[in-house]
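Asker: After the structure tokens below, expect a handful of questions from me.
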Ligand code: UFG
């Protein structure tokens, strides 16, 4: 049984990945500062995974793991803090063999007005994490990269070998971290690193218990559309009806967050089973859908009508972004299994059951440590 550290594991993709890893018997430690994640998400993950009671403990008092079972430990902390990282590596007695690095800021628009924050959290945070991994003799890392690296190319589909040409500070920080990790891997052949370039992760766990809970006004289409469906927003603005696409609206490669979470499990398995190496993989479905196709699928799947208005294009957008996902299938036997209808059904199950997301800060820890153990 492997012990894994997830930075940012209380966020959207991290929480779904926790569930997948718990279901395969891993022991998990999560460090998250709750800037865009919540302890409530992991309380629900623990419940879905059939762990024992989710209970708060002090930093000094931790309930030992049930022999032979998975476990989930959550530590509030900042990846830029060596002290917090050291604590995360040590908190369950050490022995962390791999890190999944989700922690980071991800709003394109915000990155243009607050570039320093993006460089600090995304790049400095990764430097600190690598230093901490060095101190704790851990050399296996799965990094949350992004298709944003490919910039506004209209090449369809996009292979991993396409030129990297990010166009905003968020994208530059992802490119910088990929470069940094490549340099680190070159400096020491013991590293096992996966750079996973996500396309458009959407949807939710089919239980409707966990899902995406963006802070404030959603930047992205799918969570916005869910909030329109739930009546929290009046209508959807479709950014541009004059793109060179079949219906004039932007085309993207939407993948179900559970497929993405499983992709992380596969990447971890491959890194741990094979000799040290660096993997660079697109995670996408290989299928593109336009904004209006997504709207129609959501309406048909869920029996709803979504009011929308076509408005000006959003600066920085491209017409089409679709993955060539064949390398991920070849290297780790992974491909998306869930359809656009699954995405729409599960996304709506989450939104309709949780109209305010995870709600207020209820359930947020007041102390430092929260944990749950699997009942075996
Ligand atoms: N869109 C709308 N209305 C909205 C929001 C989006 O019409 O309210 C359109 C966009 O113009 C685009 C499509 O919906 O055509 C998807 O937009 P998203 O904002 O959901 O996603 P992006 O493809 O722009 O970007 C996302 C992430 C990035 C990541 C990128 C990778 O936000 O961080 O996918 O491809 F880098």
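Bear in mind that the values in this text are calculations on the coordinates, not laboratory data. In this text the structure is predicted, and so the values were computed from the model without any measurement. Backbone-built Cβ (ideal geometry, glycine too); neighbour counts: all protein chains shown.
Asker: For the chain, take the longest principal axis of its alpha carbons; what is the angle in degrees between that and the long axis of helix 12-23, to the nearest 10 within 0 to 90?
Answerer: In the chain, helix 12-23 runs at an angle near 50 degrees to the longest axis.
Asker: Take residue 35 and residue 277, extend 7 Å from each Cα along the Cα→Cβ direction, and tell me the distance between the two endpoints in nm.
Answerer: 3.4
Asker: Okay, moving on. For the chain, what does -39500 (n - 2.57) per DSSP helix run (n ≥ 4), summed and divided by total residues, give at 222 nm, in deg cm²/dmol to the nearest 500? Can you show the working numbers first?
Answerer: Working: 12 runs with 130 residues, N = 376.
Calculated mean residue ellipticity at 222 nm is -10500 deg cm²/dmol.
Asker: So if R0 is 22 Å, what FRET efficiency would residue 215 and residue 112 give, r being the distance between their Cβ atoms, rounded to the nearest 0.05? Before the final figure, lay out the partial values.
Answerer: On the way: r = 17 Å, r/R0 = 0.78.
Given R0 = 22 Å and the Cβ-Cβ separation, E is 0.80.
Asker: Oh, and also: What FRET efficiency comes out for the pair residue 312/residue 153, r = Cβ-Cβ distance, R0 = 22 Å, nearest 0.05?
Answerer: On the way: r = 22 Å, r/R0 = 0.99.
Once rounded, the FRET efficiency stands at 0.50.
Asker: Give me the compactness ratio for segment 72-142, meaning the Cα radius of gyration over 2.2 N^0.38 Å.
Answerer: Numbers: Rg = 13.1 Å, N = 71, 2.2 N^0.38 = 11.1 Å.
Computed over Cα atoms of segment 72-142, the ratio equals 1.18.
Asker: Compute the acute angle (0 to 90°) between the alpha-carbon long axis of helix 169-187 and the principal axis of greatest extent of the alpha-carbon atoms of the chain; round to the nearest 10°.
Answerer: 40
Asker: With the cut-off at 1.5 for a/c, could you classify segment 309-364 from its C-alpha gyration tensor as rounded, prolate or oblate? List each step's numbers first, then the result.
Answerer: On the way: a/c = 2.15, a/b = 1.28, b/c = 1.68.
It is oblate, given that a/c is not under 1.5 and a/b is not larger than b/c.
Asker: Moving on to the next point. Using only Cα atoms, find the angle between the long axis of helix 340-353 and the longest principal axis of the chain, and express it within 0 to 90 degrees, rounded to the nearest 10.
Answerer: Helix 340-353 sits at roughly 70 degrees to that axis.
Asker: Moving on. Quick one: length gained pulling residue 120 to residue 207 fully straight, 0.36 nm per residue minus the C-alpha distance? Provide the component values of the computation, followed by the final result.
Answerer: Numbers: separation 87, 0.36 × 87 = 31.32 nm, distance 3.58 nm.
Additional length available on full extension: 27.7 nm.
Asker: So, one more: Once you have the Cα-Cα distance between residue 247 and residue 296, take 0.36 nm times their residue separation minus that, and quote the gain in nm to one decimal.
Answerer: Values: separation 49, 0.36 × 49 = 17.64 nm, distance 1.24 nm.
Extra length from residue 247 to residue 296 when fully extended: 16.4 nm.
Asker: How long is the gain from residue 179 to residue 86 if the chain were fully straight, where each residue apart is worth 0.36 nm and the alpha carbon distance is subtracted?
Answerer: Values: separation 93, 0.36 × 93 = 33.48 nm, distance 2.45 nm.
Using 0.36 nm per residue and subtracting the Cα-Cα distance, I get 31.0 nm.
Asker: Continuing with the same structure: For segment 267-287, list residues with backbone N below 17 Å from a point placed 7 Å from the Cα of residue 326 toward its Cβ?
Answerer: Counting only backbone N, you get 280-287.
Asker: At residue 305 and residue 131, where each label point lies 7 Å from the Cα along Cα→Cβ, what is the point-to-point distance in nanometres?
Answerer: Rounded to a tenth, the inter-label distance reads 5.9 nm.
Asker: Continuing with this model, one more query. At a threshold of 8 angstrom on Cα-Cα distance, excluding pairs fewer than six apart, so keeping six or more, what relative contact order does the chain reach in percent? Before the final figure, lay out the partial values.
Answerer: Numbers: 812 pairs, mean separation 92.5, N = 376.
It comes to 25 percent, rounded to a whole number.
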